[in-house]
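Take a look at the structure set out below.
No value in this document is a laboratory result; all are computed from the given coordinates. As the structure is a prediction and not an experimental result, all values here were calculated from the model. As a convention, Cβ positions derive from the backbone with ideal geometry for all residues, glycine included, and neighbour counts pool all protein chains shown.
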Amino acid sequence: MSEQFPDSVKRVAAALAAAGHADGPVWLDSAARTSQQAADALGVAVGQIAKSVIFRRRSDDVAVLVVTSGDRRVDEKKVAALVGAVGRADADYVKAKTGFAIGGVSPVAHATTPVTLVDRELFRFERIWAAAGHPNAVFPLAPGDLERLTGAPVADVTPSAA
């Protein structure tokens, strides 16, 4: 573990190690704030990027984390049907609730535990990559690892094909 990693990445690395996950964070040469940038940097399909989308649950202001495939969009109505009405979360809310800046939101090691859903579309791939607390940091895992690490249910959260 590099001493030069930012604290947010060290927090993710510690959470992964504590959970027995074999692979720690990898530092990318350039920031990957979008799924496409991450896929390009890693040389993988954009769908293999596990992007973290944060919503704000309207009833209690709890953060709702949806980890979805980088080539999919989240269907807010499907999320709401599972967890209650949600709204968009701005950058300040995301940072306050997760401890991470947008572009580096990890699926683990949040400042406050979110309600989490894992997109079933991620299971199209054997290996996926998730943000590790900073736009330059990612870590590899299998979709089943994501389910285990977060304790979240796998759900249908993307629009149906027309």
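Which ordering of 67, 154 is given by a fewest-first count of other beta-carbon atoms within 10 Å?
With the sparsest Cβ surroundings first, the list reads 154, 67.
How long is the gain from residue 45 to residue 156 if the chain were fully straight, where each residue apart is worth 0.36 nm and the alpha carbon distance is subtracted?
Length difference between fully extended and current span is 37.9 nm.
Relative contact order for the chain: what percent, with Cα pairs under 8 Å and sequence separation of 6 or more?
So the answer I get is 27 percent.
Over the chain, with a Gaussian network built from C-alpha contacts below 10 Å, which listed residue (13, 131, 89) shows the highest mean-square fluctuation?
89
Express as a percent, rounded to the nearest 5, the fraction of DSSP beta bridges in segment 27-162 (both residues included) that run antiparallel.
65
Return the sequence-ordered ³J(HN,Hα) values of segment 74-89 in whole Hz as given by the Karplus equation 6.51 cos²θ - 1.76 cosθ + 1.60 applied to θ = phi - 60°, using x for Gly and Pro.
Each residue's phi maps through the Karplus curve to give 8, 8, 4, 5, 5, 5, 4, 5, 8, 10, x, 4, 10, x, 5, 10 Hz.
State the extension gain, in nm to one decimal, for the chain segment bounded by residue 142 and residue 73, taking 0.36 nm per residue of separation less the distance between their alpha-carbons.
Stretched fully, the residue 142-residue 73 segment lengthens by 22.8 nm.
Based on the Cα gyration tensor of segment 61-111, what are the three equivalent ellipsoid semi-axes, each the root of five times an eigenvalue, rounded to whole Å and given largest first?
In descending order the semi-axes read 18, 14, 10 Å.
With no solvent and one point on each alpha carbon, what is the Debye value of log10 I(q)/I(0) for segment 7-155 at q = 0.15, 0.18 Å⁻¹?
Result of the Debye calculation: -0.68, -1.01.
Using a basic spin-label model with each label point 7 Å from the Cα along Cα→Cβ, how many nm lie between residue 112 and residue 17?
2.8
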